[in-house]
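Participant: Below you will find the structure I want to go over with you.
The values are calculated or read from the model by the stated rules, or taken from the named source; none is laboratory data. Quick caveat, the model's predicted, so the values are computed rather than measured. In this analysis, Cβ positions are derived from the backbone assuming ideal geometry, glycine residues included, and neighbour counts consider all displayed protein chains. All accessible areas refer to the heavy atoms of the entire protein, side chains included, with ligands and DNA or RNA removed. Shrake-Rupley method; radii C 1.70, N 1.55, O 1.52, S 1.80 Å.
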Amino acid sequence: MALIHEQGSSRLQISKFRIFTVWSIAFLIMAALIGRLLWIQILYPEKLIAEGNARVVRNYHYEPPRGLITDRNGKILAISVPVKTVDADPKFLHEEGVYADKKKMAEIARILEIDVNALYKKTADQTRRFVHLKRYLDVDKAKKLKALGKNGIILGDSYRRHYPTGAMNATLIGILNGEGAGVYGVEQSFNSFLTSTASTRLAKKDKFNHIVENLGTVKKGTQGGSLVLSIDNRLQEVAFAALENTVKENDADSGTAVLMDVKTGEVLAIANSPSFDPNDRKTFDSTNAKNRAVTDIFEPGSTMKPLVALAALEAKTTSWNEVFDTRPFIVDGKMVRDSHAMSQGTLADIIKYSSNTGMARISMRLGPHKIMSVLDRFGFGSKTASGLAGESPGRLNENRPFWSEIDKATLGFGYGVAVTNIQLTSAYATLANGGNRLPVSILRVSKVPESTNVMSPKLVVNMQRALESVVNNGTGGKAAIDRYRVAGKTGTAKIASGGTYGKFYMATFAGFAPISNPRFALVVVINAPKAGKFYGGTVSGPAFSEIMSRALQLYNIKPDVPLEKENNKKDK
């Protein structure tokens, strides 16, 4: 029985069985609860932890800035500036009354530089929790924006690439694409070296996306490396200004200038015109973004004559004393003539007055294969060691099965092969360096690399004297520099178009200075001048003189023409 009536008493007593049953059930319930708590909190808590973490624990990324790019003296050419990304939480904008406040919304739109109606449209749906508003915003503006938008504005950390020198270095340095990877120039060439990798960290965040506790690092990032270029920004500024003026004055399509240190192979300036503003993508034109000095090839014209002459001297098919008939003559039905007519002349005269007829006779006698061998040794037909993206190897046509007589003739004055400006500058630096070729470097070198001898120093020294006469008494007078001995060669080549040669020319001047101890080699190329002048000496010579003169002054290179001799030369 459940109840027992106690004799002599009016009380009813619960049976022991029922008490035992009640306590047993209570115990079992308690044991089940404790067991369950033990199960989910101590023995197997992972599921609850995972569910809790899913609500509050987030991965967040921190990416160090991309590496700096500086000139050889530490001048910053590219830097990543801290900025904020701006997103919106429409739910909070509505709940906190920001959306309904017309003044606040107008001010937010003004800071973001977007139309206020577009802002209203983007944030109209209050059920949405994320809307992207702006990729880059200055930190100061972001603080003002956060104060206005409260929890409805979400700010993130980012970087914007800034180029302090603007268009002057734009074609050399390049830019970044929307993913932060380098496109064009140094940014592309050394992208993997410059790029940082993000650190991934775990953190607990509140409902406003604020970090309340750091839980540790999941993945450690790496800082991008910084580049020190061989470029001297002072010389780059001079070269760019001179080139822009020359292109403009001569109504030319484009122009390039490359200045190289003869002693080290370092590129000190590499300018292109036209260029572009790397800090303003609204006006970006990809046709102006390439580094024409390394990408564009052209027939070098008479700037190739010294190398063809050296090939003939090396092969002993001519000498400095031989006198050539330099009158016009016909080859394969085509007339070969000179712009500076003379009836005869030695090799020195041919170089000085840039005789096509004289060089044609030398080239036809020598043959193309020996010329190609010398050009190959000077670096033509292959990329330089600059490492710049998009560099062209040029074109030698060394495996050409057949050479007509007219092709052999015109090869003597720079037709039938194609080169880049940087290749031509390297070749003239080799001439300046006594026939010793150094690898081209766009990075500052700490140790001068080993050179390779590609031509007899004795032959090269004699050619240096001939090239000096070009500037002193020949076609390159406008490249002369007061109190310095300058060697150089003019080049004027017709531009091929549609399988034939058109009416426009490539005007080039290539040279080096000072001759007594050469330090700089420089090549200026002007593409299709249309203002009346088109000869290399008259179009490119003045720019060469201006750039080279400033380089000699900035590096405090001792003049190698005594003042009294300079005065006597001017009196004459």
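Participant: Relative contact order of region 233-555, please, whole-number percent, based on alpha carbon pairs below 8 angstrom and at least 6 residues apart. Walk me through the numbers before you get to the answer.
Facilitator: Values: 737 pairs, mean separation 73.4, N = 323.
Reported as a whole number, the value is 23 percent.
Participant: With the crude spin-label approximation of a point 7 Å out along Cα→Cβ, what separation in nm comes out for S446 versus V139?
Facilitator: Distance between the two pseudo-spin positions: 3.1 nm.
Participant: Summing Lys, Arg as +1 and Asp, Glu as -1, what charge do residues with Cβ under 14 Å from the Cβ of T295 carry, T295 excluded? All intermediate terms of the calculation are to be shown ahead of the outcome.
Facilitator: On the way: positive: K290, R292, K383, R395; negative: D296, E391.
Neighbour charge sum, excluding T295 itself: +2.
Participant: Find how much the distance from S226 to A118 grows on full extension, using 0.36 nm per residue of separation minus their present alpha carbon separation; answer in nm with one decimal. Present the calculation step by step, with values, prior to reporting the outcome.
Facilitator: Values: separation 108, 0.36 × 108 = 38.88 nm, distance 4.02 nm.
Between S226 and A118, full extension yields an extra 34.9 nm.
Participant: Distance from a point 7 Å along Cα→Cβ of N472 to each backbone N in region 327-362: keep the residues under 20 Å and list them by number.
Facilitator: Residues passing the 20 Å test: 345-355.
Participant: Working with all protein chains in place, sort H94, H162 by solvent-accessible area computed with a 1.4 Å probe, largest first.
Facilitator: On the way: H94 45, H162 75 Å².
The ranking, largest first, comes out as H162, H94.
Participant: Follow-up. Which one, A510, N272, V523, projects farthest toward the positive side of the charge dipole computed for the chain from Cβ point charges (K/R +1, D/E -1)?
Facilitator: N272
Participant: If you build the convex hull over the alpha carbons only and average its shadow over all orientations, what do you get for region 89-159? Give it in nm² to one decimal.
Facilitator: Working: hull surface 16.6 nm².
Computing the convex hull of the Cα atoms and averaging its projections yields 4.2 nm².
Participant: Here's something else I'd like to know. Would you mind pulling out the separation of the Cα centroids of region 181-195 and region 115-162, in Å?
Facilitator: Result: 30 Å between the Cα centres.
Participant: When ligands, DNA and RNA are left out and all protein chains stay put, how many square angstrom of accessible area per residue does the chain have with a 1.4 Å probe?
Facilitator: Details: 28390 Å² over 572 residues.
It amounts to 50 Å² per residue over the chain.
Participant: How high is the FRET efficiency from T317 to D277, r the C-beta distance, R0 51 Å, rounded to 0.05?
Facilitator: Efficiency, from the Cβ-Cβ distance: 0.45.
Participant: Based on alpha-carbon centroids, what's the gap between region 334-374 and region 505-553 in Å, whole number please?
Facilitator: Value for the Cα centre distance between the two parts: 22 Å.
Participant: Can you give the Kirkwood hydrodynamic radius for region 233-555, in Å, rounded to one decimal and based on Cα pairs?
Facilitator: Numbers: mean 1/r = 0.0515 Å⁻¹.
Value: 19.4 Å, from the Cα pair sum.
Participant: Placing unit charges on C-beta atoms (Lys and Arg positive, Asp and Glu negative, everything else neutral), compute the dipole magnitude of the chain about its Cα centre in debye, rounded to 20. It would help to have the intermediate numbers written out before the result.
Facilitator: On the way: 76 positive and 53 negative charges, 266 e Å.
Result for the chain is approximately 1280 debye, rounded to the nearest 20.
Participant: Could you give the spread of the C-alpha atoms of region 214-305 along their three principal axes, from largest to smallest, in whole angstroms?
Facilitator: If we take the Cα atoms of region 214-305, the spans are 69, 40, 26 Å.
Participant: Positive end of the dipole of the chain, charges at C-beta (+1 Lys, Arg; -1 Asp, Glu), about the Cα centre: which of I406, V228, P449 has its Cα farthest in that direction?
Facilitator: Result: V228, furthest along the dipole toward the positive end.
Participant: Now for a separate question. Out of region 502-560, which chymotrypsin sites (Phe, Trp or Tyr not before Pro) are coil in DSSP terms and have no more than 15 other C-beta atoms within 10 Å? Provide the component values of the computation, followed by the final result.
Facilitator: Numbers: sites: F504, Y505, F509, F512, F520, F534, Y535, F544, Y555; in loops: F534, Y535, Y555.
Sites meeting the loop and neighbour criteria: Y555.
Participant: Same structure again: For the chain, take every pair of Cα atoms, bin their distances at 10 Å starting from 0, and report each bin as a whole percent.
Facilitator: All Cα pairs considered, the percentages come to 3, 14, 20, 16, 11, 9, 8, 6, 4, 2, 2, 2, 1, 1, 0, 0.
Participant: Of the heavy-atom accessible surface of the chain (probe 1.4 angstrom), what whole percent is carbon and sulfur?
Facilitator: Details: 15190 of 28390 Å².
After summing per-atom areas, the C and S share lands at 54 percent.
Participant: Ordering S456, S354 by how much accessible area each has at a 1.4 Å probe, largest first, what is the list?
Facilitator: Numbers: S456 45, S354 10 Å².
From most accessible down to least: S456, S354.
Participant: What distance in nm lies between label points placed 7 Å from Cα along the C-beta direction at K533 and D251?
Facilitator: Taking the two extended label points, one gets 1.5 nm.
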